[in-house]
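The values are calculated or read from the model by the stated rules, or taken from the named source; none is laboratory data. Bear in mind the structure is a predicted one, so any value in this text is a computation, not a measurement. Cβ coordinates were reconstructed from backbone atoms using ideal geometry, including for glycine residues, and neighbour counts include every protein chain displayed.
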Amino acid sequence: MRKFFGLDDSDSSRTTSSYDLSKPDHVLVKHGKQFLRVDFSKPGDISKGIATVGDVRATTARFLGVPKHDVVLVAGGKKLRDDKDTLASHKLMSGSRLMCLVSSAQHAVPVRQQAPKPPKPTDPIERINLVMDAADKELVPMIDDFVASPPNDKGDKHRMLSELILQRLFALDEIDTHENPDARKRRKEAVNKFHEYQARVDEANIGD
């Protein structure tokens, strides 16, 4: 049976190099400012291909009290879409960290009328550049302000910025670059840049 535990930010320092091999495998799921831990039945469940994405998604959904299909899991900047995939197939191991975002159409605000949107570019590099340009204009200034002068309610601001970064990673993940090595390289650079943004936000949230 799999168990789920809510952890404080202080527990998030646990890494794959420090876990006890004699204890059941586990992964850490970051949701907002919490790290939630999913424990599996036995040591080696992940490396043996027993633990699946669906196991983590279902347990996370039960803990958060939301439908399973509303739980979006991300590892290495990519969505884990197929519940049948093993965690090992995504190069995850005991102690690995995933990110979670709850996304539901039920929370969408209806819009009566919207201005027509310009057509999206089809070139993958152009699409990646659009994501990065938008981040430079909207997201980066908010990160700079947060790092320079963290507010009193910095936990809420940290959670908001983390979700905005995650949304940009989702947008990059949706861009097909399989047949374009230059686009793959550009997307990797963009993903790494957002990881740098997340590290800055995390560091500012932990600091005094």
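One table, with the values for the structure above:
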item: Members of the stretch 27-55 that are in a helix (DSSP H, G or I) and either touching an Asp or Glu at 6+ places or on another chain (Cβ under 7 Å) or closer than 14 Å to residue 102 by Cα (or both); result: 53, 54
item: Selected residue (only one of 64, 92 is under 13 Å from residue 28 (Cα atoms) and outside the structural domain of residue 195 (by TED's automatic domain parsing)); result: 92
item: Filter result (more than 16 Å from residue 102 (Cα to Cα), part of a helix (DSSP H, G or I) and charged (D, E, K, R)) within the stretch 158-184; result: 173, 182, 184
